[in-house]
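Q: Please see the structure below; I have some questions.
The values are calculated or read from the model by the stated rules, or taken from the named source; none is laboratory data. Note that the coordinates shown come from a computational prediction; the quantities given were computed from them, not determined experimentally. Every residue, glycine among them, receives a Cβ derived from its backbone with ideal geometry; neighbour counts consider all protein chains shown. Heavy atoms of the whole protein, side chains included, go into the accessibility calculation; ligands, DNA and RNA do not. Shrake-Rupley method; radii C 1.70, N 1.55, O 1.52, S 1.80 Å.
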Amino acid sequence: MNGLPGFLRLLEGPQTVGRGPAFWIVFAIVFAMACAYPLFSDGYTVGNTVYFFVWVFIALSLCLIWGYGGSLSFGQTAFFGIAGYSYGILTLNFGSAYGFTLVALVLAIAIAALFALLLGYFMFFGRIAGVFLGIVTLAVTLMLERFMAQTAGPEWRIGVARLNGFNGMSAMPPLTIPWPGGDIVLFADIGLYYAVLGLLLLVYLGLRILMNSAFGNVIVAIRENPERAEMLGYDVRKYQLITFVIGAALAGISGVLYTVWGQYITPSSMGMTAAALPLIWVAVGGRSDLTSTLIGTLVVLAAFQALTIYGSQYALVFMGVLLVLTVLIAPNGLVLGVMNLISRLATRRSKGDV
Amino acid sequence: MDIATHIFSALYQFGDAFAFLVLSACGLAVIFGMMGVINLAHGEFIMCGAYVTASTAHVGLPLPLAIMAGAIVAALVGALVELVVIRHLYDRPLDTIVATWGLSLIATQGTLILVGSSMAGVGTPFGSFQVGEYSYSIYRLVLFASALGVLGGLYMLFNWTRFGVLARATIQVPHMAAALGVDTRLIYSLTFACGAGLAGLAGGLYAPTMTLVPTMGATFIMEAFVTVVIGGADVFLGTAPAGAVLAVVKSVMTSWQGQLFGQIGLLVAVIIVVRVLPKGISGFLLRERT
Amino acid sequence: QTPIKLGVLEDQSGDFAVATIGKVHAIQLAAEEINKAGGIDGRPLELITYDTQSDNTRYQEFMRRVLQRDKVDVVFAGFSSASREAYRPIVDQFNGFAFYNNQYEGGVCDGHMIVTGAVPEQQFSTLIPYMMEKYGKNVYTLAADYNFGQISAEWVRNIVKENGGKMAGEEFIPLGVSQFSQSIQNIQKAKPDFVVTLLVGTAQASYYEQAASANVSLPMASSVNVGQGYEHKRFKPPSLKDMYVTTNYIEEIDTPASKAFYAKFKAKFPSEPYVNQEAENSYLAVYLYKQMVERAKSTKREDIRKVIAVGDVCMDAPEGKVCIDPKSQHMSHTIYLAKVGADHSISFPKVWEGIKPYWLGDAGCDLTKKDPMAQYTPSNPPPKP
Amino acid sequence: MALLELRGLNKHFGGLHVTNSVDLVLEAGEIHCLIGPNGAGKSTLFRLILGEHHPGSGDILFAGENITALKPFARIHRGLSVKFQVPGVFKGLSVRQNLEIALQRTHRSVELAREIDRLLTFLNLEAEQMQTAGNLSHGQKQWLEIGMAISLKPQLLLLDEPTAGMSPEETHQTGEMVQRLNADGMTVLAIEHDMAFVRQVAQRVTVLHLGQVFAQGSIDEIVADERVAAIYLGQAHA
Amino acid sequence: MRKEVILSTQALRAGYGGKPVLQGLEIEVRESEIVAVIGRNGVGKSTLMKSLIGLVPAMSGSIVYRGEAVELLPPHKRARLGMGYVPQGRDVFPRLTVAENIAVGAAIKGDIPEEGRRRIVEAFPILAERWSQRAGTMSGGQQQQLAIGRVLIADPHLILLDEPSEGIQPNIVQDIARNMVELNRSTGVTIILVEQNLDMIRAMAQRCYVMDKGRIVASLDRAALDDQAEMRRHLAV
Ligand SMILES: Nc1ncnc2c1ncn2[C@@H]1O[C@H](COP(=O)(O)OP(=O)(O)OP(=O)(O)O)[C@@H](O)[C@H]1O
Ligand SMILES: Nc1ncnc2c1ncn2[C@@H]1O[C@H](COP(=O)(O)OP(=O)(O)OP(=O)(O)O)[C@@H](O)[C@H]1O
Ligand SMILES: NC(N)=O
Ligand SMILES: [Mg+2]
Ligand SMILES: [Mg+2]
């Protein structure tokens, strides 16, 4: 067996729902539609779709850490915020020339990952697990929020970048790709759309491969029974830490893209609500599967936004009802439930045919 | 200024912080510690208690009775919520995060729509007293006493009564408890209602001292969670010492550098305690006991 | 006639709803009146309203939506300064036109924005000297710990110093804190002559009840309380006794214009708990916009700014006469000093008319010449040309 | 040559002295059974060997190396493997995946599938391979756990009550399996209460009582020991 | 004189997630009998016990206990009718003390009866020794003893014992068998015993069902129980 097919074979596996030609055909169609769609749409819708896409990365990160790894983390928003602020600080100080925004993107994500490495080392090597991990990460996140919120004074500056407290930082440059005929600036419309869509595809497929690889096996094994995993010779804490750092980097991508999208980052992006929302998306979609998380996040975001637009003051009530019903009706998550149903129907059909 | 004034003021601040932490946390601790349910609607049960207390006080019920009414209504609402929603989620406690978040949205915004954006306050009873050059609110001492009362009551309820043992058994191995003749559904209902009622009681007790708005529960949430983390899994052993430790941290930091440091002190305390005692204070105590 | 579209982004739910639902109602009231009277230049005014849920992210989403999708001519948006700073870059990017109808810490020098709310030089340079004269020169500030509170506190500090007083203490309270026993004791320890309360959000308003029950009976001064969150209506007397507030409007103002406005408001929204300062700012902003569009014969921002540059855009609002300052695009206001009595009734010991938002212009912001799209503070003023 | 050597291992929980200066030498290539009353400290001894518990004092030598301070996973890398008393299978994963996780660390993907199939047949779990492991019957979980332990091809296999819940026939099969593994060079240390099994496989038996080595010898010697009968075996075996 | 039937099942089907494990199973147990159930791993013995106590719901068929159809009752009601269940794998309440575990066993009686307590600690002295240790920290065999004691405290009418000898040292296995038989003689308690330990079956049971694939495939009398070869044959199937 040669390398590449073996590698691609990992796109499918027990860890991810969606298998076989039928799935990949649908996948290709959906992706083609996603590529073509800006051509038939207005600037607002495209920008708004980018905004939805931006959140998918943090949802996937939580899917990885919580759904697959079994560690409940309220801390993804902390990494989101750190990456966002880092991008702001870097670009406000060094500008956007020579493609520096792309460097800043990478650096910002690296800073978030580094922070996660530190925090994760602290937690996993202190053997904190389960719900307690959730509450500790929540505490860290809220602490960051509180801290950033009180940096309103002029003494809180890094280089020329004011941290600006609760009001947040703004006016950082958008992503800019250096180009011979003049830089391409990715404002929150078609340019950024394709960039984010491409990144999303890459991350999604990459995570599928990762989760179906030996590494992914170990991650779910640790979720199921860390003691057993250790007794099979796996350094549990190391695996947990690596997962946590990868997750933080993904959350960092969201953070940078969010900052780029609105040219704005605020401490409330690390607040209680912000910390709970990714959990909601992931749980509603189906936390133990990447595809479900991806679809679920987009569905919930769109539904919540639509409710806010059309539901006026009843929007939050509807959202609440929706969440409660979803949890009651679809125990594994809405999207995962539907996908399982489809695959069950499909197998029954094909069995019926022969 | 004489030393006694200083000591009294430090004690008073400690008691005040302790009461707030413990009363905020008790309901959450019962529901989390006993049932493994992270109740993100905890603040809304507090709000419910406060609203019922204020509205019954407005129609003329004496304050102590109004507070009891707040606690009882919150408990009943809790029982209802358990019956309709939580009951179906015991085998997947993490999903209760989503469900209770949903409930909290419904409760907050529903109250805003039905009752309006705020409610008139009831005023703090009992007036003030003077020690040295400081004057203090007497009602705050009542809060402190209530916190001690609640802690004692809870400890007795769950450790000395049959209900307590059955409840803890049910939470640990539900199917086995059922097979031994325990009506586990009833136990779950009662436990959840108890947690909700305690939240309502906290709301009722603080109603005279606070802004009454639909989002008021949010101001209790962080203190509640922090106390529960530090307390650890065994709420009856953990909550009191956690409240005490945090109250010291909070009151000392606040008087030293102001409210921001009080808040940050709490969070730093969480990190430190969790690092040193990953299972919280109760985990530490239990390990020593065996 | 094609309607003129006015986007409304205000919090109708969440923590700020107490103070901001009235803003939406005020805009609806004004729009209804204008439409009944034939619209703006014959064109009807159409409101496109979204609930921003006291959530800055929602401001960003919906600011894009109103500008790109709904293609509104103008947006009225925002209560907290944080929400304003969240949407301002979007307005700038899409070359939109926004009104911020709220009192705030001042300093926004942005050609895409018009601010109808009062600013510190209007509220503090009146209030603080009055209080110092009446009660003494030892001042304690209790402020919300974010830009609004910090910058406002800076103003208070500077004004106290200029008038020969001293700060007995300054404490910043994180947003969302509701327990004040320690702060109350800190204040008692500092023994100020009066306390400046710059508390924001419903949680922080708990201070008054708690201070009163601990028998702290110091006079208080504020630029936000009472005028926004009508604490004197929500709390039981006498917890706000001797609170002094400078505001450009509250429903108790006893002038014919104010009473007429209040009557109209109550007729349309009988269950409105209180008609506050920001409701009036929002109401007058609609009329102001109407006037500017009619004079410019255009809804284009460039055309309207030419009208503003003339320097005579004024109107008779419920509070009295107001005018736009062309340099900063902020408003001059009539500032009322409201005093809360022991029974929580309001009296007005003093009124200042036509107080200008002078600071930005003096400091070097001149939107008729240059548009920096930035916010400045006394310690971070515009660069000298 | 000694493969495993325990020197003066002590472990307390609070006031309870669970192992008390345990000295034990395991020769390479032997099948050694550890028996003793409930609560004697047998499972605790396993956890000490594996590094799940840390001894208050004493040393653990494996293949001549002092492993007392090593992390559990590192000891597995040295050639230890365990089947716990309470089966710790990955409940939410399929039987097949359980085995895959056990095998993947040491097998290339090419051989992996074949090796899993071989094990499934060996464990008589082919029909259940796609089942979620948590849904297996108790005995099936035991088998799966044993399968995962032996799949590591350890030098020393630790079995904590491998036949609990098995029928006599299955117990006998397990015994044969252990003997086969042993014939291939695996050293085995097994805790058992089933004397038939002990008699079948044990080359040497150690009796642990109150955390101390109480007796040691061949199975016949042990069964003949009246003191052991009194504390442990009872009349039937005496 | 034949005693009354205390428990019987008719065409009982029960299982997990819609898939029946028990396929129309029928048994009949009389007052004061000790009946063993044997069968290979995974044939559904534990499922039978769970469906008798109500932890696995019956999909169809009926369970009649002392003349009353109980298949729709929840477990706690069956327990209150006098059924006691000792599960395979012990399932003690790990963070409760031994005393509290036993108190839960006595839930339907109110407090722990002194007489019952004495009887239990006589049978299992280790329980008295560890009266306030947390159950989760006890050794496997100690937990098994607790699980049995916990059921006995409620004086059940019918005891469902799922592999009680598992993990218990040989002499205590003998003790347990002796104790249970004695209890059966003195109080007339009925016992259904799932076991793999033939010595225990021989020491206790009066007759025996053989299960395979969710059905009863044979019913053996006392004589057959003593026939080593016959028994081994049934367990090997
Ligand atoms: N974490 C703990 N805390 C307190 N006591 C413990 C702990 N773990 C084990 N013990 C005690 O240590 C003793 C030895 O337990 P261990 O599990 O090693 O026994 P064992 O020999 O394996 O018994 P069995 O044959 O019943 O499995 C028991 O008395 C048990 O109660
Ligand atoms: N929770 C469950 N969900 C789905 N299937 C289950 C579950 N528990 C058991 N099974 C299946 O039901 C069948 C019977 O299991 P049961 O536990 O009744 O067997 P048993 O006869 O008691 O076996 P053992 O002797 O190993 O204890 C097995 O094939 C098992 O895989
Ligand atoms: N503008 C304010 N009050 O934030
Ligand atoms: Mg053991
Ligand atoms: Mg079984």
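Q: Hey, can you tell me all the residues within the stretch E:107-122 that are out of contact with any Gly (no Cβ under 7 Å at 6 or more places or on another chain) and on the phi < 0 side of the Ramachandran plot? Talk me through it step by step, then tell me what you get.
A: So in the stretch E:107-122, the residues out of contact with any Gly (no Cβ under 7 Å at 6 or more places or on another chain) come out as E:109-119, E:121-122.
Result: E:109, E:111, E:112, E:113, E:114, E:115, E:116, E:117, E:118, E:119, E:121, E:122.
Q: Are there any pairs, at least 6 apart or on different chains, whose C-beta atoms fall under 6 Å, with the first in the stretch B:111-136 and of a type in the set (Lys, Arg) and the second open to solvent by less than 50 Å² (accessible area, probe 1.4 Å), and if so, which?
A: Filtered contacts from the stretch B:111-136: no entries.
Q: When the residues of the stretch A:220-240 are narrowed to those that are more than 7 Å from chain D (Cβ to nearest Cβ) and open to solvent by 20 Å² or more (accessible area, probe 1.4 Å), which ends up nearest to residue D:83 (Cα to Cα)?
A: Among residues in the stretch A:220-240 that are more than 7 Å from chain D (Cβ to nearest Cβ) and open to solvent by 20 Å² or more (accessible area, probe 1.4 Å), the one nearest to residue D:83 (Cα to Cα) is A:226.
Q: Right, here's the next one. Considering E:29, E:37, which residue is within 16 Å of ligand 5 (Cβ to nearest atom) and either part of a loop (DSSP other than H, G, I, E, B) or crowded, with 20+ Cβ neighbours inside 10 Å (or both)?
A: Step by step, each of E:29, E:37 is checked, and only E:37 is within 16 Å of ligand 5 (Cβ to nearest atom) and either part of a loop (DSSP other than H, G, I, E, B) or crowded, with 20+ Cβ neighbours inside 10 Å (or both).
Q: Which condition from (1) part of a loop (DSSP other than H, G, I, E, B); (2) within 14 Å of another protein chain (Cβ to nearest Cβ); (3) over 21 Å from the mean Cα position of the chain (by Cα) is the one that residue C:202 breaks?
A: Only one criterion is unmet by residue C:202, namely (3).
Q: Now for a different question. Among B:124, B:108, B:100, which is at the interface with chain A (Cβ under 10 Å from one of its Cβ atoms) and under 22 Å from residue C:205 (Cβ atoms)?
A: The match here is B:108.
Q: Among the residues that make up the stretch A:197-207, is at least one of them within 14 Å of another protein chain (Cβ to nearest Cβ) and crowded, with 21+ Cβ neighbours inside 10 Å?
A: no
Q: Name the single residue, out of those in the stretch E:168-197 being within 11 Å of chain D (Cβ to nearest Cβ) and over 16 Å from the mean Cα position of the chain (by Cα), that is farthest from residue E:24 (Cα to Cα).
A: The qualifying residue farthest from residue E:24 (Cα to Cα) is E:171.
Okay, residues lined up against (1) modelled with pLDDT under 85; (2) over 27 Å from residue A:197 (Cβ atoms); (3) touching a Gly at 6+ places or on another chain (Cβ under 9 Å):
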| position | (1), (2), (3) |
| --- | --- |
| A:262 | no, no, no |
| A:300 | no, no, yes |
| A:311 | yes, yes, no |
| A:318 | yes, yes, yes |
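Q: What are the residues in the stretch E:78-90 that are crowded, with 20+ Cβ neighbours inside 10 Å and out of contact with any strand residue (DSSP E or B) (no Cβ under 8 Å at 6 or more places or on another chain), if any?
A: Correct list: E:89, E:90.
Q: Looking at E:145, E:174, E:228, can you tell me which residue is more than 16 Å from ligand 2 (Cβ to nearest atom), touching a Phe, Trp or Tyr at 6+ places or on another chain (Cβ under 8 Å) and within 29 Å of residue D:191 (Cα to Cα)?
A: E:145
Q: Working only within the stretch B:171-183, note down all residues that are at pLDDT 90 or above and either open to solvent by 30 Å² or more (accessible area, probe 1.4 Å) or β-branched (Val, Ile, Thr) (or both).
A: B:175, B:182, B:183
Q: Can you list the helices (runs of 4 or more DSSP H) found entirely within the stretch A:1-93 that contain at least 1 residues being within 18 Å of the chain's Cα centre (by Cα)?
A: A:43-62
Q: Got a number for residues in the stretch C:29-62 being under 21 Å from residue C:84 (Cα atoms) and in a helix (DSSP H, G or I)?
A: 7
Q: Can you work out which of the residues in the stretch B:130-141 that are surrounded by 17 or more Cβ atoms within 10 Å (Cβ to Cβ) and part of a helix (DSSP H, G or I) is nearest to the chain's Cα centre (by Cα)?
A: B:140
Q: If you take the residues in the stretch E:44-60 that are away from ligand 5 (no atom under 12 Å from the Cβ) and away from chain B (no Cβ under 14 Å), which one is surrounded by the fewest Cβ atoms within 10 Å (Cβ to Cβ)?
A: Among those residues, the one meeting the criterion is E:60.
Q: Let me ask another. Out of the residues in the stretch C:333-367 that are assigned to a strand (DSSP E or B) and over 18 Å from the mean Cα position of the chain (by Cα), which is nearest to residue C:121 (Cα to Cα)?
A: Selected residue: C:350.
Q: Can you say whether residue A:262 is within 13 Å of another protein chain (Cβ to nearest Cβ), in contact with a helix residue (DSSP H, G or I) (Cβ under 7 Å, 6 or more places away or on another chain) and small (Gly, Ala, Ser), as far as the supplied structure shows?
A: For residue A:262, the condition - within 13 Å of another protein chain (Cβ to nearest Cβ), in contact with a helix residue (DSSP H, G or I) (Cβ under 7 Å, 6 or more places away or on another chain) and small (Gly, Ala, Ser) - is met.
Q: A follow-up question, please. Being more than 16 Å from ligand 3 (Cβ to nearest atom), more than 14 Å from every other protein chain (Cβ to nearest Cβ) and within 25 Å of residue E:186 (Cβ to Cβ) narrows it down to one of E:112, E:63, E:34, E:102, so name that one.
A: E:34
Q: Now for a separate question. Scanning for something within 14 Å of chain A (Cβ to nearest Cβ), touching a helix residue (DSSP H, G or I) at 6+ places or on another chain (Cβ under 6 Å), part of a helix (DSSP H, G or I) and more than 16 Å from ligand 4 (Cβ to nearest atom), does the stretch C:165-182 turn up at least one residue?
A: No, the stretch C:165-182 contains no residue that is within 14 Å of chain A (Cβ to nearest Cβ), touching a helix residue (DSSP H, G or I) at 6+ places or on another chain (Cβ under 6 Å), part of a helix (DSSP H, G or I) and more than 16 Å from ligand 4 (Cβ to nearest atom).
Q: Answer yes or no: is there a residue in the stretch E:158-165 that is away from ligand 2 (no atom under 16 Å from the Cβ) and of a type outside the set (Val, Ile, Thr). Steps first, please.
A: The initial filter retains those residues of the stretch E:158-165 that are away from ligand 2 (no atom under 16 Å from the Cβ), namely E:158-159.
Checking which are of a type outside the set (Val, Ile, Thr) leaves us with E:158.
So far as the stretch E:158-165 goes, yes, one or more of its residues are away from ligand 2 (no atom under 16 Å from the Cβ) and of a type outside the set (Val, Ile, Thr).
Q: Which of the residues belonging to the stretch D:151-170 are buried (at least 22 other Cβ atoms within 10 Å of the Cβ), away from ligand 4 (no atom under 16 Å from the Cβ) and more than 20 Å from residue D:48 (Cα to Cα)? Lay out the reasoning, then the answer.
A: Keep residues of the stretch D:151-170 that are buried (at least 22 other Cβ atoms within 10 Å of the Cβ), which gives D:151, D:156-167.
Filter again for away from ligand 4 (no atom under 16 Å from the Cβ), leaving D:151, D:156-157, D:166-167.
Those that are buried (at least 22 other Cβ atoms within 10 Å of the Cβ), away from ligand 4 (no atom under 16 Å from the Cβ) and more than 20 Å from residue D:48 (Cα to Cα): D:151, D:166, D:167.
Q: Another question about this same structure. Given the criterion open to solvent by 30 Å² or more (accessible area, probe 1.4 Å), of a type outside the set (Val, Ile, Thr) and more than 14 Å from chain C (Cβ to nearest Cβ), identify the matching residue among A:97, A:104, A:112, A:139.
A: Details: A:104 fails: open to solvent by 30 Å² or more (accessible area, probe 1.4 Å); A:112 fails: open to solvent by 30 Å² or more (accessible area, probe 1.4 Å); A:139 fails: open to solvent by 30 Å² or more (accessible area, probe 1.4 Å).
Going through A:97, A:104, A:112, A:139 in turn, the sole match is A:97.
Q: Here's another thing I want to ask about it. Suppose we filter C:338, C:342 for residues that are out of contact with any Gly (no Cβ under 9 Å at 6 or more places or on another chain) and at pLDDT 90 or above; which single one remains?
A: C:342
Q: Which one is most open to solvent (accessible area, probe 1.4 Å), of the residues in the stretch C:139-163 that are within 9 Å of another protein chain (Cβ to nearest Cβ) and of a type in the set (S, T, N, Q)?
A: C:150
Q: What is the one condition in (1) open to solvent by 10 Å² or more (accessible area, probe 1.4 Å); (2) more than 10 Å from chain B (Cβ to nearest Cβ); (3) more than 16 Å from ligand 1 (Cβ to nearest atom) that residue E:75 does not satisfy?
A: Going through the list (1) open to solvent by 10 Å² or more (accessible area, probe 1.4 Å); (2) more than 10 Å from chain B (Cβ to nearest Cβ); (3) more than 16 Å from ligand 1 (Cβ to nearest atom), residue E:75 breaks only (2).
Q: Restricting to the stretch D:139-158, count the residues that are touching a Phe, Trp or Tyr at 6+ places or on another chain (Cβ under 8 Å) and within 16 Å of ligand 1 (Cβ to nearest atom).
A: So in the stretch D:139-158, the residues touching a Phe, Trp or Tyr at 6+ places or on another chain (Cβ under 8 Å) come out as D:145, D:147, D:156, D:158.
Pick out the ones that are also within 16 Å of ligand 1 (Cβ to nearest atom) and you get D:145, D:158.
Qualifying residue count for the region: 2.
Q: What pairs come up if the first residue lies in the stretch D:82-102 and is within 16 Å of ligand 4 (Cβ to nearest atom), the second is basic (Lys, Arg) and open to solvent by 10 Å² or more (accessible area, probe 1.4 Å), and their beta carbons are under 6 Å apart, counting only those six or more places apart or on different chains?
A: D:87/D:141
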